[in-house]
Amino acid sequence: MFSQHFWQFRSFARRLAVWMAVLLLLLLTGIYFAIENTLERNARSTLNQALEVTAATLTARLSDQRGVLLDKLRLLSADFAFKQVFADGDRDTLRSALENHRNRVHANVMQLIDLDGKVLVSTDPRDQENQKLPDHWLLTRASEHEFGEAAGFVFVHQELVQYVVSPFFTPQHSAWVVMGIRLDAAFIETLRTQTHSEVTVFWQNTERVRIAGRLPENPQEEAQLLTDGDITLGDARLPTLGGRHYLHMPVLLESQPQGKATAVLLRSFDEAMTPFYRLRNVLLALCCGSLLLAVLASSVLARRVTNPVRRLGESAQALAKGEYLPVQGVNQQDELGTLATQFNHMLHGLQERDAVRGLLGKVVSTAVAEELLKSPPILGGELRTITVMFTDIRNFTRLSEQFPATTVIEFLNAYLSEMSSCIDAECGVVDKYIGDAIMALFGAPLPNHKHTENAVRAALAMQQVLAALQQTFTTRGWPALHTGIGIHTGEAVVGNMGSAQRLNYTAIGDTVNLASRLEGLCKYYGWPVLVSDAVVQATPQFAYLELDRVRVQGRAQPVGVFAALTPQQQTMLHADAQTQDFEQAVQAWRRGDIEQVPSLLSAIHEGSPLATVAALYRVRCQVFTEQGMPDHWQGVYDYDSK
Amino acid sequence: MRRNLIATALLIMSSALLAQDMRIKVINQRGEPVAGAVVYVVTSLPADKQPTTAEPVIIDQINKEFVPHISAIAAGTAVKFPNRDNIRHHVYSFSPAKSFELPLYKDAPPAPVVFEKPGIVTLGCNIHDWMTSYIFVAPHRYFTVTGKDGSATMRDLPAQALEFEVWHPRQKEVATVTRQLVATGGMTLAFRIEEKTVLRPFRGQANSKNSY
């Protein structure tokens, strides 16, 4: 009957209301039917008792009447004068005597019938004297009786008469005396008044004749009275409105082949059920009221649940979008109230954490910030192989003097942002900005086995980006920037350093220093990206140009200095025959064959990418020539200053 | 309701009896002896053979009953009705054979009543409904009444063909039998009658010793 969707509520309040209503309806229906059943059974029992009482009263009255009639009849049959008249055969006197006696005892009819069943005398002029009675079953019954007496109902002259028969002795049995009294409306009315039951009397043979009784008003319904079960008089389709529902009980008064006399006793079921009908109206009102209340109550109750849930939902939805919308207006003290409070606390916590994270991401690198948020920072570090990169802007101090401070900040920020992006893109971490310089770590804090490759790739990318950035700078009237980048890979101590209150994630050690030194050397060699021989070994896939072997200040170990080449630089060098001369010059320099070096470098002119480094070697050779070669020359140049 | 039943008479030869005497035996449909059955000769007999009136017959009233209940007399016989109870009785008859009335009497017996007409007279008492008595008034002296054993003897019967009948208040039909009587030997006349229930006024228990 209902589609499946009927039960799939989208609203909790509606679901609760419907279920409450359904349950309540079931309960009330159960109560209603239980009450109806009990009251109906009770009414039936009471009515049946009342009908039985009426039946007993009717039977007793008829029995009493029969007894009284018989007594009255016997008086006549023993009357000597009557016998004498009978012996004389004086029919008129006999009739008169019968009439006299009938009046004396208030009977309706008296008859004298001979032993053959012929009516000798009757007080009823409708009786045919000297004719045999058509129905002489009552006489037969009397003749079979010990004392010749009988009683019964006979339908005669369209009347139902209770007859009594007694033998008439003179002194031998000579005739029958009969006395009758009509069962009429008055008799039934008296019974009705006494017992409050409706009584209808029928005589049935081939047809049905109603002798007395008010019901049913419609004669077509009479047949119902002689059936079993309850009956409905009036409109059977609407027993409570048009029709009247009755319980009935037929009482057989007489049953003979000639016909059957039946008294049907009726009690109104509706009347007996009147208290229930009143109760039903009350129940109906109660049902409607309680249903309404239940729906209202469930609606209020549901709202107490759905409102906080809806607000929580809205806040959660906002949270998903990244908005922090606290749950408002949930002031309940129950579980939902607690939930809302806790949600708000959570929201507050998230908001704080996000604020910290945002701030942290700006102050420190995103990877460091993540690492810090993941686990509480602990003071201390670990030894790890990492790659360190340093960058710097050539002549920044001079440039900053030429431009207003705000412009300087503006282009410095633009520059640093672009450079930092290149580092981020290669999983590097900006450890710190030192003025225009950047210190970046690769392989820390997150371990990364390709840290050296990433660092070199980042440095090469920075060259490309910087070239593009130059154009923007030019259009805005900003100066052209030249950078130096130093990269070294090796062991370093990484971790949180500083004090317990304030700490930095950073790397320290020789590796860091060497990277910084290499960056510082860029200005001497005229190449923007210098890497150590350790880097070259770790990343053979890139193209390098060996420039020098040096010993930097504070470091005993010499280090090979190489220029990392962009593909353009690589092509350029490859096409240049001077590259070989330069390499031979470097070899000669290492051997200490400094006289050959200037001639080998002579082909390298101004404008060549090797011009600066060639000039450097020329100067060194000149100095060595003038001052003499250092002792124990091993081809390693010492830089005393930073 | 009456059904016609045939009463059968059996004539049994008996050499022990005289020719003019007749042993009578009356039984009912159940084979039980019937007391008080009146057996009489129907055949019309010459006047000289009819018996003369004998001394009065007595029907007593003892303990509010007529004694005997059934009696047979020849026509012209006088019957005395003495009252042996200490209360009064009112004897009457409305029978066509003899209608009479002996109003309330006790000690002084009324004059005897002569029953001239043959027939059956039913006696009653106006005081006591149940008191009834039957007098069979025969036209001659050839009758007898059976005793308790249902038998009786009819004496000095003329030796000729005679028709016998039996009468009893409870019999359904009158049984008639014709028999040729011969001097050479006695015989027994047996009647089998069908008894019916005859309604009688009910005699109830007396509440006081003397009043009912």
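Side notes on the structure shown:
- Meeting the requirement of 3 or more residues that are in contact with a helix residue (DSSP H, G or I) (Cβ under 7 Å, 6 or more places away or on another chain), the helices (runs of 4 or more DSSP H) wholly within the range A:383-483 are A:405-425, A:451-475.
- Cβ pairs under 8 Å, 6+ apart, first in the range A:309-321 and basic (Lys, Arg), second part of a helix (DSSP H, G or I): A:Arg311/A:Ala340
- Output for the range A:68-92, where each listed residue is more than 17 Å from A:Gln111 (Cβ to Cβ) and acidic (Asp, Glu): A:Asp71, A:Asp88
- The range A:620-630, residues that are modelled with pLDDT of 85 or more and either exposed (fewer than 10 other Cβ atoms within 10 Å of the Cβ) or in a loop (DSSP other than H, G, I, E, B) (or both): A:Glu626, A:Gln627
- Members of the range A:589-609 found to be hydrophobic (A, V, I, L, M, F, W, C), closer than 21 Å to A:Leu521 by Cβ and in a helix (DSSP H, G or I), listed by number: A:Trp589, A:Val597, A:Leu601
- So A:Val536, is it under 30 Å from A:Glu370 (Cα atoms) and at pLDDT 85 or above: no
- Note on the range A:168-227: enclosed strands (runs of 3 or more DSSP E) holding 2 or more residues that are in contact with an Asp or Glu (Cβ under 6 Å, 6 or more places away or on another chain) are A:173-182.
- Every condition in (1) among the aromatic types (Phe, Trp, Tyr); (2) under 22 Å from A:Phe542 (Cβ atoms); (3) not in a helix (DSSP H, G or I) holds for A:Trp633 except the one numbered (2).
- The residues in the range A:121-147 that are within 9 Å of another protein chain (Cβ to nearest Cβ) and assigned to a loop (DSSP other than H, G, I, E, B) can be counted, and the count is 4.
- Matching option when the condition is out of contact with any Gly (no Cβ under 9 Å at 6 or more places or on another chain), free of Cβ contacts under 8 Å to residues at least 40 places away in the same chain, closer than 19 Å to A:Ala515 by Cβ and not basic (Lys, Arg), among A:Gln627, A:Gln557: A:Gln557
- Annotation note: of A:Ala263, A:Ala294, A:Ala285, A:Ala302, the sole residue that is of a type outside the set (Lys, Arg), within 30 Å of A:Val201 (Cβ to Cβ) and either out of contact with any His (no Cβ under 9 Å at 6 or more places or on another chain) or crowded, with 19+ Cβ neighbours inside 10 Å (or both) is A:Ala263.
- Of all residues in the range A:572-594, those satisfying the criterion of being under 18 Å from A:Ala615 (Cβ atoms) and free of Cβ contacts under 8 Å to residues at least 24 places away in the same chain are A:Asp581, A:Gln584, A:Ala588.
- Odd one out for A:Ala34 among (1) under 60 Å from the mean Cα position of the chain (by Cα); (2) in contact (Cβ under 8 Å) with a residue 60 or more places away in the chain: (2)
- Candidate set from the range A:163-197 (those that are touching a residue at least 60 places away in the same chain (Cβ under 8 Å), away from every other protein chain (no Cβ under 14 Å) and hydroxyl-bearing (Ser, Thr, Tyr)); member that is surrounded by the fewest Cβ atoms within 10 Å (Cβ to Cβ): A:Thr195
- Each residue in the range A:108-138 was checked for being more than 20 Å from A:Lys83 (Cβ to Cβ) and of a type in the set (A, V, I, L, M, F, W, C), and 4 of them qualify.
- Inside the range B:163-172, residues that are within 14 Å of another protein chain (Cβ to nearest Cβ), part of a strand (DSSP E or B) and modelled with pLDDT under 90 make up a count of 1.
- The set of residues from the range A:467-502 being closer than 20 Å to A:Ile438 by Cβ and out of contact with any strand residue (DSSP E or B) (no Cβ under 6 Å at 6 or more places or on another chain) comprises A:Ala467, A:Ala468, A:Leu469, A:Gln470, A:Thr472, A:Phe473, A:Trp478, A:Pro479, A:Ala480, A:His482, A:Gly490.
- Evaluation of A:Ala425 against the conditions (1) under 52 Å from the mean Cα position of the chain (by Cα); (2) surrounded by fewer than 19 Cβ atoms within 10 Å (Cβ to Cβ); (3) under 21 Å from A:Ala534 (Cβ atoms); (4) aliphatic (A, V, I, L, M) shows that the sole unmet condition is (3).
- Selection status of A:Ala468, surrounded by fewer than 14 Cβ atoms within 10 Å (Cβ to Cβ) and of a type in the set (Gly, Ala, Ser): yes
- Taken over the range B:85-101, the criterion of being surrounded by fewer than 20 Cβ atoms within 10 Å (Cβ to Cβ) and over 17 Å from B:His69 (Cβ atoms) is satisfied by B:Asn86, B:Ile87, B:Arg88, B:His90, B:Pro96, B:Ala97, B:Ser99, B:Phe100, B:Glu101.
Each row is one residue, and each column tells you yes or no for (1) under 30 Å from A:Ser290 (Cα atoms); (2) away from every other protein chain (no Cβ under 14 Å); (3) without any contact (Cβ under 8 Å) to a residue 40 or more places away in the chain.
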| residue | (1), (2), (3) |
| --- | --- |
| A:Leu27 | yes, yes, yes |
| A:Ala50 | no, yes, no |
| A:Thr54 | no, yes, no |
| A:Thr57 | no, yes, no |
| A:Asp79 | no, no, yes |
| A:Asp88 | no, no, yes |
| A:Arg104 | no, yes, yes |
| A:Asn108 | no, yes, no |
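- Among the residues listed as A:Val512, A:Val494, A:Val529, the single one being crowded, with 22+ Cβ neighbours inside 10 Å, under 22 Å from A:Gln464 (Cα atoms) and in contact (Cβ under 8 Å) with a residue 60 or more places away in the chain: A:Val529
- Residue in the range A:23-32 that is farthest from A:Phe276 (Cα to Cα), counting only those that are surrounded by 11 or more Cβ atoms within 10 Å (Cβ to Cβ) and out of contact with any Lys or Arg (no Cβ under 8 Å at 6 or more places or on another chain): A:Leu23
- Scanning the range A:428-445 for residues that are within 21 Å of A:Pro479 (Cβ to Cβ) and either crowded, with 17+ Cβ neighbours inside 10 Å or of a type in the set (Ser, Thr, Tyr) (or both) yields a total of 4.
The values are calculated or read from the model by the stated rules, or taken from the named source; none is laboratory data. Bear in mind that the values here come from a model prediction, so they are computed numbers and not experimental data. Glycine gets a Cβ as well: all are built from the backbone with ideal geometry, and neighbour counts include every protein chain shown.
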